[in-house]
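Heads up: the structure comes next, in structure tokens.
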Amino acid sequence: MSLPKKLLADFDEVLKERGYQSRSKGIRDALQDYIVRHQWMNEMEGERIGIITIIYDHHYTGVMENLADIQHSFRNEINMNMHLHMTEKYCMEIVVVNGDISEIRELTDKIMRLKGVEHVKLTTTANGEEFSDPDHEHNHHH
């Protein structure tokens, strides 16, 4: 396995800050965390609302077009999109999603696989449908 030098240096710095004595133990723990998060995401069911945070290198050829194409194909699940210029090289997209988690997962996975995308994080919660209470009156303002 080969890793970019900066990624390895950053990882070593985190290990040092967290008091790890061994890089191997840190790698095992990081892989376990990655697997657990993936399994947790795959166990979710039903309607969810959430945010997909994407960081990408906007100089990477085609990444912006590919992101737009993917987002257009999931327009039923996407409610809003915000674009931020982080640095000369990196941009962040914040995508608000609402719909069936299987579609949201597929959208997230497609974005993760794009070349030029450096980081993707999905955060979701129940979309409020189960909070519906027929006896609850809406006289107050939200």
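Points worth noting:
- For the range 1-74, alpha-carbon Rg and Dmax in angstrom: 17.2, 47
- Normalised by the number of residues in the chain, the mean separation of alpha-carbon contacts (under 8 Å, six or more apart) gives a relative contact order of 29 percent.
- Seen from HIS58, the other residues with C-beta closer than 12 Å to its C-beta sum to a net charge of -4, counting Lys and Arg as +1 and Asp and Glu as -1.
- Greater than 20 Å apart at Cα, pairs in LYS5/LYS121; LYS6/LYS89; LYS89/LYS115: LYS5/LYS121
- Inter-label distance, nm, simple model (7 Å from Cα along the C-beta direction), VAL96/LEU31: 4.0 nm
- Reciprocal of mean inverse Cα separation for the chain (Kirkwood radius, Å): 17.7 Å
- Near THR87: Cβ cut-off under 15 Å, other residues only, Lys/Arg at +1 and Asp/Glu at -1. The net charge is -2.
- Computed label-point distance, nm, for sites LYS89 and LYS16 using a 7 Å Cα→Cβ extension: 2.1 nm
- Least to most buried among LEU84, LEU67 (fewest other Cβ within 10 Å first): LEU84, LEU67
- Around LEU107: net Lys/Arg minus Asp/Glu count, Cβ-Cβ under 14 Å: -1
- Think of each Lys and Arg Cβ as +1 and each Asp and Glu Cβ as -1; about the Cα centre, that makes the dipole of the chain roughly 1100 debye.
- Panel note: the C-alpha atoms of the range 53-130, placed on their principal axes, show extents of 43, 21, 16 Å (largest first).
- Furthest towards positive pole of dipole, ALA68, ILE55, LEU15, structure part the range 1-90, Cβ charges: LEU15
Coordinate-derived values only; no laboratory data. These numbers were taken from a predicted model, which means no experiment stands behind them. As a convention, Cβ positions derive from the backbone with ideal geometry for all residues, glycine included, and neighbour counts pool all protein chains shown.
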